[in-house]
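The values are calculated or read from the model by the stated rules, or taken from the named source; none is laboratory data. Source: prediction; values computed, not measured. In this analysis, Cβ positions are derived from the backbone assuming ideal geometry, glycine residues included, and neighbour counts consider all displayed protein chains. Heads up: the accessible areas ignore ligands, DNA and RNA and are worked out on the full protein's heavy atoms, side chains in. Shrake-Rupley method; radii C 1.70, N 1.55, O 1.52, S 1.80 Å.
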Amino acid sequence: MTRHLPDPASGRRVGGPQTSAAPELIASGFALENEDAPILHRGYNLADMAHVLDLAQRRIIPEHAQRALLKLLLEAHETDAEDFPYDAAFGEPYNSRERFFVDRIGDTAGWLHAGRPRREAARIALRLHLRTQIAHLVREASRFVEETARLSRRHVHTLMADQTYLQKAQPSTFGHYLLSFAQPALRDAHRLLAELAEINASPGGAGCVNGTRLQQDRTALARTLGFDTVIGHTRDAMWRVDDLIAVLAIGTSMVSNQSKLAEDLEIYSSSEFNFVDLHDSYSRSSVLMPQKRNPYALSIVRGASGVLIGRLTGFLAVTKSPSARSDNFIFAYGEVPRALDLTIRVTALMTGVVRTLHVNADNLREELVKGYTQATDLAEHLTQIRHVDYRTAYFVVGDVVRDASRVGLRGLDLTADMLNTAAEGRTGASWGLIDSDLQAVLDPAQIVASRQAVGGAAPEAVERMLETTFADATALAADAAARLSGFAAAELDLLARATAAVNAGVDPAPAHPAPKRGGSL
């Protein structure tokens, strides 16, 4: 039964500890939150240990309470989340933890409440989990980029008709086409690292909105947990969600890019195109139709993109609540980590698809020479050698292409006489072209070789892009590895300090600063 205290001004019932909850609230609310407990379990334990050590360093908590709590927290840390007594009947995960601690050491467990609301531990736990996920995702993104660049390098000379709207557009190479998917992956990885600076900031010591008198210096707790800095405004520290939205959006963008490639490869791997072949290990055979092997891995990538768009949209919907409400975080604790986990796994999947992809170079070239992808270059060439405006050249070339297609001629078969006739029909005069005027702009290989500008499809231009792409991916992987190493070192240092305090009652001050990168602590 809930005990209420009267409000002298209004007579309303306010305050008091809650000792029971409606079964509907347990089933729909607390059960939902407890499903996320395994995600936060490790972070809860680290946050609680750091809080106890911080209280001890400030001589706030008695030594016996410090030892009892740290011993119990180390035990909880060694216990799998599935084996810890999280129970929705007792409330959210923090309540289950509190009940367990009180059952074991009595009111001594109450020191965990000193100077912080229960949501602080969860906020810290979420950020500890997300920072590791972000670093892992950056590493996976760098691997995707590296494999994409390797395959691109093998095909810098593989001619193809690049397409828009599934129609042949201009001559290019498969290497140039494929490398276009590495660029947004790199940008998203850099965005993730930039956002990691926001995620790896400590909300500790923020109180509910305006801090706590028990922790005038918030940086020590942040350093203990391996955070780069503290969130500068205490109310913002406890209730901010914009960085969570940003991480979700970047992950969604990353898989959206992979989904575009997956959709292309699904089309290109069909018998109607036969441009690429997926490795058997990334396909599934039909149990009914013996001739069919389905590109199953690509379906996973495309479906995951839709799921992530839904999660981002759903999270945006719940963040519209007034400030200082729990709506955001009730769902954030599960939705954001699960979305990042899906992004990591799908990125690894797409990396495997690219690594094992077989490209049918002969088929790509054969399909290229069937079409009219040289039409744009031909029109541009005419503006240069006959000094006509591009609109007129465009219509003349269009007339020639239409007539050629009707009689089964290819772009390679176009002649000067055909252009002169079309020009006379459009402008009233022949342009006096001869076939030697057209040789360089009818050959797709020469057209590709002419694209030497930055970002162009010429092999030399693609090789220059590949050099910077490989260097960027290597740097990203190194940065991610360094961050993961720093996070692990901070955790080991925290566990060592907690163990030492339990075993010997030593001063809880850190033996050395926790490793950090790019922070202000």
Item to check | Flag for Val102 being more than 23 Å from Glu491 (Cβ to Cβ) and not polar (S, T, N, Q) | outcome: yes
Item to check | Residue among Asp443, Asp472 that is open to solvent by 20 Å² or more (accessible area, probe 1.4 Å), over 20 Å from Ser172 (Cβ atoms) and touching a residue at least 60 places away in the same chain (Cβ under 8 Å) | outcome: Asp472
Checklist entry - Mind checking which residues of segment 199-233 are of a type in the set (Ser, Thr, Tyr), over 30 Å from Thr313 (Cβ atoms) and either at pLDDT 90 or above or not in a loop (DSSP other than H, G, I, E, B) (or both)? => result Thr219, Thr224, Thr229
Item to check | Whichever residue in segment 112-132 is part of a helix (DSSP H, G or I) and open to solvent by 20 Å² or more (accessible area, probe 1.4 Å) and, among such residues, is nearest to Gly43 (Cα to Cα) | outcome: His129
Item to check | Some residue of segment 296-319 being in contact with a Phe, Trp or Tyr (Cβ under 9 Å, 6 or more places away or on another chain), farther than 29 Å from Ala182 by Cβ, open to solvent by 30 Å² or more (accessible area, probe 1.4 Å) and of a type in the set (A, V, I, L, M) | outcome: yes
Next on the checklist: Can you name every one of the helices (runs of 4 or more DSSP H) wholly within segment 322-422 that holds 3 or more residues which are under 30 Å from Glu147 (Cβ atoms) and open to solvent by less than 10 Å² (accessible area, probe 1.4 Å)?
Outcome noted: 327-355
Checklist outcome for this item: Restricting segment 343-382 to residues that are basic (Lys, Arg) and more than 32 Å from the chain's Cα centre (by Cα), the one farthest from Asn274 (Cα to Cα) turns out to be Lys370
Checklist entry - Say we look at segment 62-98 and pick out the residues that are acidic (Asp, Glu) and buried (at least 17 other Cβ atoms within 10 Å of the Cβ); which of these is farthest from His113 (Cα to Cα)? => result Asp87
Checklist entry - Has segment 269-289 got at least one residue that is closer than 24 Å to Asn45 by Cα, part of a strand (DSSP E or B) and in contact with a helix residue (DSSP H, G or I) (Cβ under 7 Å, 6 or more places away or on another chain)? => result no
Checklist entry - Which of (1) exposed (fewer than 14 other Cβ atoms within 10 Å of the Cβ); (2) outside any helix (DSSP H, G or I); (3) at pLDDT below 95; (4) on the phi < 0 side of the Ramachandran plot does Val454 not meet, given it meets every other one? => result (3)
Checklist entry - If you check Glu75 against the conditions, is it farther than 14 Å from Tyr333 by Cβ and touching a residue at least 40 places away in the same chain (Cβ under 8 Å)? => result no
Checklist entry - (1) without any contact (Cβ under 8 Å) to a residue 40 or more places away in the chain; (2) out of contact with any helix residue (DSSP H, G or I) (no Cβ under 7 Å at 6 or more places or on another chain); (3) more than 30 Å from Leu46 (Cα to Cα): which one isn't true of Lys260, the others all being true? => result (1)
Checklist entry - What about Ala332, is it at pLDDT below 95, closer than 21 Å to Leu192 by Cα and among the hydrophobic types (A, V, I, L, M, F, W, C)? => result yes
Checklist entry - When segment 153-183 is examined, which residues are found to be closer than 30 Å to Arg131 by Cα and open to solvent by 30 Å² or more (accessible area, probe 1.4 Å)? => result Ser180, Gln183
Checklist outcome for this item: Within segment 51-93, the residues that are within 19 Å of Gln215 (Cβ to Cβ), assigned to a helix (DSSP H, G or I) and not charged (D, E, K, R) are His51, Val52, Leu53, Leu55, Ala56, Gln57, Ala65, Gln66, Leu69, Leu70, Leu73
Checklist entry - Any idea which of Ala249, Ala185 is closer than 20 Å to Ala480 by Cα, of a type in the set (Gly, Ala, Ser) and in contact with a Phe, Trp or Tyr (Cβ under 6 Å, 6 or more places away or on another chain)? => result Ala185
Checklist entry - Gly205 is checked against (1) surrounded by fewer than 23 Cβ atoms within 10 Å (Cβ to Cβ); (2) over 21 Å from Ala339 (Cβ atoms) and fails just one. What number does that condition carry? => result (1)
